[in-house]
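Worksheet for the structure shown next.
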Amino acid sequence: MPDELVSSTVQLPEIGDVPRHVAIIMDGNGRWAKQRHLPRAAGHKQGLESVRAIIKACIEREIKYLTIFAFSSENWRRPEDEIKLLMQLFLIALEREVSKLHENGIRFRVIGDISKLDSRIVDCIRQGEILTASNSRLFFTVAANYGGRWDIMQAVRKMMIQAPHLQTNFTEADLSRHLALADAPEPDLFIRTGGECRISNFLLWQLAYTELYFTETLWPDFDAASLNRAIVSYQQRERRFGRTSEQLAAAVPQQAIYKTNRDRSN
Ligand code: IPE
Ligand code: IPE
Ligand code: MG
């Protein structure tokens, strides 16, 4: 297994100045529209513009993995009209954007229980995943009908089918290789826009040691400058993974130097 994929609870990960993997809960589209006396649909449409801007900003900052939460397993509880609209927007976005992602060398894929989505959406997802499979400039993942508990449950199910001999004697790695994001490093930075401070059943397993950043900014207003602020906040964190500050300074001299430089520039 490549080093970057090793679990943060099993082995200390290497930490860079820029997060390798950013995971985002894009929240606040409805409130953005409401503030402007517009239908919620307008907020969702504007939210798509932010997705475009953030993909570009991630590439410019050499962030390798971007994972965004588009529709949760609990969003089926929304009014039928809004669900329909969100699905229509998803389909339109897939039809219009996947070729552009490919032209830009972006690998696209979807995580979540897509068997519950319209067959046209599923077809577009499959085609997009195949088309972009060999790209590696940015690994762009959309979570659709995704839930963190669903992810863990489906991983347990797959593990039990593929390795029944393990019975109760399995390791973290035996299970995590079946998780939806098994081939991506754990997120370094989690961003939630819209002011709520919760995880809402996003990547429950994968966020174990992720730095969490919450902002009041509504998703349609979130731009490259907002991403910069999140990254600056990330750079000021001390990622201890269970250790003490003193241990960290002794074990990772580069990180200590980096921190000292930054402290000097403040
Ligand atoms: C996030 O915006 C988009 C989805 C959940 C699909 P919301 O629609 O949740 O916006 P608010 O939270 O109502 O403002
Ligand atoms: C989380 O947003 C899901 C997505 C952004 C897709 P919600 O707006 O649905 O979250 P809750 O229900 O307020 O926690
Ligand atoms: Mg919301």
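One table, with the values for the structure above:
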read-out	value
Net dipole in debye of the chain [+1 Lys, Arg Cβ; -1 Asp, Glu Cβ; about Cα centre; nearest 20]	380
Net length gained if the chain between Thr244 and Leu212 were fully extended (0.36 nm per residue, minus Cα distance)	9.6 nm
Potential lengthening between Gln154 and Arg78 on full extension [0.36 nm per residue; Cα-Cα distance subtracted]	25.0 nm
Centre separation in Å (Cα based) which lies between the stretch 164-188 and the stretch 78-140	25
Surface/4 of the Cα convex hull for the stretch 24-162, nm²	9.3
The chain: Lys pairs at Cα distance under 27 angstrom, eight or more positions apart or on different chains	15
Net charge dipole size for the stretch 44-182 [Lys, Arg +1 and Asp, Glu -1 on Cβ; Debye, nearest 20]	160
Which of Val51, Phe140, Met160, positive extreme of dipole for the chain (C-beta unit charges)	Val51
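All of the numbers you see were taken from the coordinates with simple rules; none came from a lab. Remember, it's a predicted structure, so these values are computed and weren't measured experimentally. Every residue, glycine as well, gets a Cβ built from its backbone with ideal geometry; the counts of neighbours run over all protein chains shown.
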